[in-house]
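Coordinate-derived values only; no laboratory data. Not measured: the values here are computed from a predicted model. Cβ: placed from backbone, ideal geometry, glycine included. Neighbour counts: every protein chain shown.
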Amino acid sequence: MAETLRELVVALSLDSSNFSRNMRTINQQIKALCEERGLYYLDLNAEFSDENGYLLTDYAQPDGIHLTVSGYNKWVSYLCTHTPYSKNNPYQPGSTYYLSEEMQSQLADLP
């Protein structure tokens, strides 16, 4: 399936006139691949797009594809609140990443 997905991404990226529809198709394939392999899939499109699948103007550069600073801030916030917790992830609340080794060892038994 990975080979099929790679071919799909390449083929769809050549047709920019249907970008929104193409992105939905690619995202559906990525979601299916994640489900097949038991991986997490985060639907960022639902957070950043309007009802037609276009990037919301609050988060879009003039090209309608790339994020603005506020878009990147929302992206980081979304990832921090929607990814599985790990105390080793420096971007999640409760992370021990920046603590001293001594403090980390004292907290090692906590989940």
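Quick look at the values:
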{"item": "Paramagnetic label zone (point 7 Å from Cα along Cα-to-C-beta, R21; backbone N under 15 Å) in the range 43-57", "result": "52-54"}
{"item": "Residues in the range 18-52 reached by a label modelled at T68 [backbone nitrogen below 16 Å; 7 Å Cα→Cβ]", "result": "48-50"}
{"item": "Positive minus negative residues near A46 (Lys, Arg vs Asp, Glu; Cβ under 12 Å)", "result": "-2"}
